[in-house]
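Chemist: Right, I'll just put the structure down here and ask away after.
Laboratory data are not the source of any read-out in this text; all were calculated from the coordinates shown. What you see is a predicted model, and the numbers here were worked out from it, not measured in a lab. In this analysis, Cβ positions are derived from the backbone assuming ideal geometry, glycine residues included, and neighbour counts consider all displayed protein chains.
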Amino acid sequence: MTDVPESLTAPAPAPVAARRPPGPPGRGRLVLGRLLGARWAVAGAVTVLLLFVLAFGGPYLTPWDYAAPDYTALRQPPSAAHWFGTNGIGQDVFAQTLRGLQKSLVIGLLVALFSTALAALVGACAGYFGGWTDRLLMFLVDLMLVLPSFLVITMVSPQLKGSGWIAFVALLALFNWMITARVVRSMTISLASREFVRAAQFMGVRPLRIILRHILPNTASFLITDATIAVGGAVMSETALSYFGFGVRAPDVSLGTLLAAGTSEAPVFPWLFYFAAGLLVLFVLAVNLIGDGLRDALDPTAEAARPARRPRRARPAARPALPAGAPEASGPRRPGPTTPRSNRSSS
Amino acid sequence: MLRYLAQRLAYYAVLLVAAVFLSYALASGALQPRTYFESKVPRPAAASVDRQLTALNINDRTPVAVRFGHWADGVLLHGDLGRTIHDTPVNDDFRRRVWVSLRLLLIGSLLGMLLGVAGGAWSAVKQYRITDRALTVVSFVLLSTPVFLLALLLKNGAIAAKDVAGHEVVPFTGYETPGLTGGLGTHLADWGLHLLLPTLSLALGGLATYSRYQRGTMLDVLGSDYLRTAEAKGLTRNRALLRHGLRTAVIPMSTMFAYSFLGIFTGAAFTETIFGWHGMGEWFIQSINEQDVNAVVAVNLFAAVVVLASGFLADTLHAALDPRVRR
């Protein structure tokens, strides 16, 4: 069970923490401890892991291929032969659902990865360089927020018919970074005036290197949490667009296309609809639980050891994903409540 | 405060123009009305296709800037959004559909907002009680359910109820019963009943999102000194919570209202399609499939105006609640 959280607590120097049992625990251990203490987050991590095993290992359990029809069983309810039943042309729903789950998981992960990377870069550049770079980039962010991404993706997606689902991933990532970039920008503004950044500047380190080596590592806990939640959001957008025929297309299968195919028959043949729907909700729910647990575990303002039943005052608020740093709220250069904690990575 | 709002308004006007131009350019580049006409049977002559495209101001051989100029002229001088690909005025469709969509959008988002703020605040006051835990679980599940799926589940539920009861319990298609006779009261009741499921599918998502954040901001406020002071000076607990607690806790939310309206707009497009409402969302999907550039741009314009208006409302709310903004 430890494997999942450990990979998620990247920024901490784990070996250092492990070498000194007495004294204050290292940050990695602290975060890990908190995360393991949050039962819901652990449950979420285990669920995500199991879903991955199911999606990629499951197809080996069934003799049926997701595309090949079984003409002896049309629209059969779940049985020993076909675990999730069959559809109108005799395809095995279990194999199809796993296939769709695979695609949805991969798309969700890739979109979250790309969009978070883009958001980090744009936000850090806007915050670090300031001036016209900042104004232009923030105008771009506002502009892209004014047009609902659903409209733009729907308009553009018929053009991408030939290029498969990777183009769809790029499109989703391209319209999913704006709000995160805002937060990274406000964090960067407060980081840019810190001693370790100043020192690097005076030593002649180039701006891009400062951003990559000194600024972004200090926003890591926010980025990790945000990327986790973005996975769930990306899967939801993907299925919604695919449901309406503007996302993943015919030879490829995703949970969205499966839901679209099963909708009209759902009242009479529920297995065509509810297995895919259940897995979709289960996955997004698990990811959200991890994200929530991570947010609490990485929160520097939370107290080190949390009693099971905390007094009312001590509980730090669930930090809004859009901190007050969002545009209008706090005046020009006030960092949001997400001010990052320390210059750990200054070394 | 007025100066602040005027600044925001000016910025939004610039954004609106840029967004409309961008969507015009995108729609003109991505859609192919020429193919639409050329694939008609019998195939029309090239010259007549050209003439038709030029008449509709969607000829891809005219530079986009020139077409946009024509279009903007019509919009600004005559309030004319151009003509659809079937050579009918876009305005007619727009007028017919805009209220259908707005009805759903306004009621759905307001209801979600009110329920979310109330639920979140209640949850914070009753922290770790059973109601708090129940609301947390419910909102986590709702947050993990895409709007289209929620709408489909509600619709399937209505269908199942119909099968069990033998007659339609809750209507799940359209926004009114066709050919309904009766007074105003009958019509209003009919509308309300038709609104129920689509509005629920939008409002439940809002309830889940807002209540999570509202719970957090409210918990912050609950431990504050000024709240204790207010109580010490003789306000009752409830009065202090409402006047001093909730008011402060809503301020950070006002920015969220603006952002989440984007999500609600998208959700409404899905919901309309699923429940068979002839609103803007359905029109948009239909227009894309028909390569109808002017109609697509009209929906984009509508979306941009709605989003910016909600942003401006959020600014106003923020300025009204937070004295630090008024200067």
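Chemist: Within segment B:269-327, restricting attention to residues that are within 30 Å of B:Thr177 (Cα to Cα) and of a type in the set (Asp, Glu), which residue is surrounded by the fewest Cβ atoms within 10 Å (Cβ to Cβ)?
Modeler: So the residue we want is B:Glu290.
Chemist: Do you know which residues across segment B:13-49 are farther than 18 Å from A:Leu151 by Cβ and within 24 Å of the chain's Cα centre (by Cα)?
Modeler: Answer for segment B:13-49, where residues must be farther than 18 Å from A:Leu151 by Cβ and within 24 Å of the chain's Cα centre (by Cα): B:Ala13, B:Val14.
Chemist: With respect to A:Ala266, determine if the residue is surrounded by fewer than 22 Cβ atoms within 10 Å (Cβ to Cβ) and within 28 Å of A:Asp65 (Cα to Cα). Walk me through it before giving the result.
Modeler: Working: surrounded by fewer than 22 Cβ atoms within 10 Å (Cβ to Cβ): yes; within 28 Å of A:Asp65 (Cα to Cα): yes.
So A:Ala266 passes the test.
Chemist: Then there's this: Determine whether A:Asp92 is without any contact (Cβ under 8 Å) to a residue 24 or more places away in the chain and either farther than 22 Å from A:Trp271 by Cβ or surrounded by 15 or more Cβ atoms within 10 Å (Cβ to Cβ) (or both). Lay out the reasoning, then the answer.
Modeler: On the way: without any contact (Cβ under 8 Å) to a residue 24 or more places away in the chain: no; either farther than 22 Å from A:Trp271 by Cβ or surrounded by 15 or more Cβ atoms within 10 Å (Cβ to Cβ) (or both): yes.
Criteria not met by A:Asp92.
Quick grid of which residues meet (1) surrounded by fewer than 20 Cβ atoms within 10 Å (Cβ to Cβ); (2) touching a strand residue (DSSP E or B) at 6+ places or on another chain (Cβ under 6 Å); (3) free of Cβ contacts under 8 Å to residues at least 24 places away in the same chain:
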site: A:Cys125; (1), (2), (3): no, no, no
site: A:Met138; (1), (2), (3): yes, no, no
site: A:Gln159; (1), (2), (3): yes, no, yes
site: A:Ile166; (1), (2), (3): yes, no, yes
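Chemist: Failed condition for B:Ala121, given (1) under 24 Å from the mean Cα position of the chain (by Cα); (2) surrounded by 14 or more Cβ atoms within 10 Å (Cβ to Cβ), with all others met?
Modeler: (1)
Chemist: For a quick check of your reading: which helices (runs of 4 or more DSSP H) sit entirely within segment B:24-119 and have at least 3 residues that are of a type in the set (S, T, N, Q)? Write out each step before concluding.
Modeler: Working: elements: B:33-38, B:46-55, B:64-73.
Filter on segment B:24-119 gives B:46-55.
Chemist: Name the pairs whose Cβ atoms lie under 8 Å apart, with the first residue in segment B:311-326 and over 22 Å from B:Ala13 (Cα atoms), the second surrounded by 14 or more Cβ atoms within 10 Å (Cβ to Cβ), and 6 or more positions between them or separate chains?
Modeler: B:Leu321/B:Val250; B:Leu321/B:Ile251; B:Leu321/B:Ser254; B:Asp322/B:Ile251
Okay, residues lined up against (1) farther than 20 Å from B:Ala72 by Cα; (2) among the acidic types (Asp, Glu); (3) in contact with a helix residue (DSSP H, G or I) (Cβ under 9 Å, 6 or more places away or on another chain); (4) within 8 Å of chain A (Cβ to nearest Cβ):
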site	(1), (2), (3), (4)
B:Phe275	yes, no, yes, no
B:Glu282	yes, yes, yes, no
B:Val299	no, no, yes, yes
B:Val306	no, no, yes, no
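Chemist: Here is a check on your reading of the model: is B:Phe265 over 27 Å from B:Thr316 (Cβ atoms), in a helix (DSSP H, G or I), at the interface with chain A (Cβ under 10 Å from one of its Cβ atoms) and within 19 Å of the chain's Cα centre (by Cα)? I'd like the intermediate steps shown before the answer.
Modeler: Values: over 27 Å from B:Thr316 (Cβ atoms): no; in a helix (DSSP H, G or I): yes; at the interface with chain A (Cβ under 10 Å from one of its Cβ atoms): yes; within 19 Å of the chain's Cα centre (by Cα): yes.
So B:Phe265 does not fit the description; no.
Chemist: Let me ask you something else. Quick one: how many residues across segment B:21-31 are facing chain A (nearest Cβ under 9 Å) and in contact (Cβ under 8 Å) with a residue 60 or more places away in the chain?
Modeler: Summing the residues that are facing chain A (nearest Cβ under 9 Å) and in contact (Cβ under 8 Å) with a residue 60 or more places away in the chain in segment B:21-31 gives 3.
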